[in-house]
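Only one structure is covered here, and it is reproduced in the block below.
The values are calculated or read from the model by the stated rules, or taken from the named source; none is laboratory data. Only a predicted model underlies this, so the values are computations on that prediction, with no experimental measurement involved. Here the Cβ is made from the backbone with ideal geometry for all residues, glycine too, and neighbour counts use every protein chain on show.
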Amino acid sequence: MFENYQAPKELIPSDPRFGCGPSLIPVEYLHKLAATGVHLMGTSHRKSPVKNVVKDVQEGLKNYFDVPKDYSVVVGNGGATLLFDMIGLGVVEKSSLHFTCGEFSEKWYKAHKLIPWIKATQNCVLPGEGLNPQMTHGHDMICGTLNETSTGVMISKLPTVTNDTLLAIDATSGAGQVPCDLSKVDLFFFSPQKVFASEGGLFVAIMSPKARDRALKIAQDKGRYVPDIMNWAQAIDNSDKNQTYNTPAIATLFFLREQVARMNQIGRKAVEADGNKKAELIYQWAESRPYLKPYVKDPQYRSNVVATIDVDDKVDTMALIALWEKQKIVYGIDAYRKLGRNQFRISMFHNIRFEDLESLTKLIDHAIKTVL
């Protein structure tokens, strides 16, 4: 369909990366890492050069999110997928309730459902639909997903929970750009390879005193098996010392520190506003084209970090995406594989320039008009 298509040079974005993870890491961060030479890479994570990077990350995140002073910033290896199990094993007492709307919120629910000594319950909607978590009695943890990466659905409201209940939010692809009042959340966790422009393999868990106390209490239960790698007492103790329990990827921490510093310079409200501006561009564009349509119908649930746009079935999106990837002009805008839709999934993370998103919309228009 697009075998002979040639993209006009004036429509090609300045950076080809629009993927929803891992995200665009500024090339300048690579140069800054290289400039550390022999003084950082290859250093023990128990030594000050690495501990100082971890400390900068923790303090930078506290400042950025305006984290209450008595909260803890816990870091460790494994990413959010490991945390799905780690939370079920070490923070849920008896029962977790999961509000699911796509692949990753469902994955968290399934991880808890496999743990024999807790009960996991699901409240779900169809992919493309949104729902906000609600306080529901009979569960000691309420689980919500800030931004469902697979479908481009985000939470629009948080509940207030009771004193014996924890509110846990998987913020992996939304943290830093989707509005969220952390004072209402007991366990706010994410991987840094989305808005925070780093790589995978690391988790950040911002914990209220209530969540921290429960995790430490469960860790003391000798009758409850938790692997050392998922032991919250180990993770918390090491994080209090600006360390991770086991050896981290230093480049990941370095890139995260650079991105946190950049975002602190302009502030969270400005980052959120920038995301909203990008989202307005993409959704208005999709609504104004006869061959496009926002996948998420209800505007209150449309993400400001991940846009999912349905495309007329006459257009072979996979062929167009494959062509652009081969030509190295656009990367990563294919639909989430398990949805099976003729769709573009476009990242609007902070480091993606508004002007490049404009160029992408014009480029897509130009290509589609050649075949319709």
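Summary table below
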{"item": "Tally of residues being in contact with a strand residue (DSSP E or B) (Cβ under 8 Å, 6 or more places away or on another chain) and in a helix (DSSP H, G or I) across the stretch 233-254", "result": "7"}
{"item": "Wholly within the stretch 129-192, strands (runs of 3 or more DSSP E) carrying at least 2 residues that are at pLDDT 95 or above and either over 27 Å from LYS338 (Cβ atoms) or small (Gly, Ala, Ser) (or both)", "result": "166-170"}
{"item": "The stretch 36-54 - residue that is part of a helix (DSSP H, G or I) and exposed (fewer than 14 other Cβ atoms within 10 Å of the Cβ) and, of those, nearest to the chain's Cα centre (by Cα)", "result": "ASN52"}
{"item": "Qualifying positions in the stretch 9-67 - over 29 Å from GLN327 (Cβ atoms), without any contact (Cβ under 8 Å) to a residue 60 or more places away in the chain and β-branched (Val, Ile, Thr)", "result": "VAL38"}
{"item": "Output for the stretch 171-193, where each listed residue is under 17 Å from the mean Cα position of the chain (by Cα) and farther than 17 Å from SER23 by Cβ", "result": "PRO179, CYS180, ASP181, LEU182, VAL185, LEU187, PHE188, PHE189"}
{"item": "Given (1) over 19 Å from GLY174 (Cβ atoms); (2) in contact with a helix residue (DSSP H, G or I) (Cβ under 8 Å, 6 or more places away or on another chain); (3) not hydroxyl-bearing (Ser, Thr, Tyr), number of the condition MET263 does not satisfy", "result": "(1)"}
{"item": "Residue under evaluation VAL57, criteria (1) of a type outside the set (Lys, Arg); (2) buried (at least 20 other Cβ atoms within 10 Å of the Cβ); (3) touching a Ser or Thr at 6+ places or on another chain (Cβ under 9 Å), criterion not met", "result": "(3)"}
{"item": "Verdict on ILE87 being assigned to a helix (DSSP H, G or I), among the β-branched types (Val, Ile, Thr) and under 23 Å from SER208 (Cβ atoms)", "result": "yes"}
{"item": "Output for the stretch 330-372, where each listed residue is crowded, with 17+ Cβ neighbours inside 10 Å and among the basic types (Lys, Arg)", "result": "ARG341, ARG345"}
{"item": "Residue list for the stretch 9-35, restricted to those being loosely packed, with under 10 Cβ neighbours inside 10 Å and over 27 Å from the mean Cα position of the chain (by Cα)", "result": "LYS9, GLU10, ALA35"}
{"item": "Hey, ALA197 at positive phi, in contact (Cβ under 8 Å) with a residue 40 or more places away in the chain and buried (at least 16 other Cβ atoms within 10 Å of the Cβ) or not", "result": "yes"}
{"item": "Residue list for the stretch 325-372, restricted to those being closer than 27 Å to THR172 by Cβ, small (Gly, Ala, Ser) and in contact (Cβ under 8 Å) with a residue 12 or more places away in the chain", "result": "GLY332, ALA335, SER347"}
{"item": "Test: ALA219 is modelled with pLDDT of 95 or more, of a type in the set (A, V, I, L, M, F, W, C), surrounded by 15 or more Cβ atoms within 10 Å (Cβ to Cβ) and under 30 Å from VAL306 (Cβ atoms)", "result": "no"}
{"item": "Subset of the stretch 267-276 that is in a helix (DSSP H, G or I) and of a type outside the set (A, V, I, L, M, F, W, C) - its residue that is surrounded by the most Cβ atoms within 10 Å (Cβ to Cβ)", "result": "GLY275"}
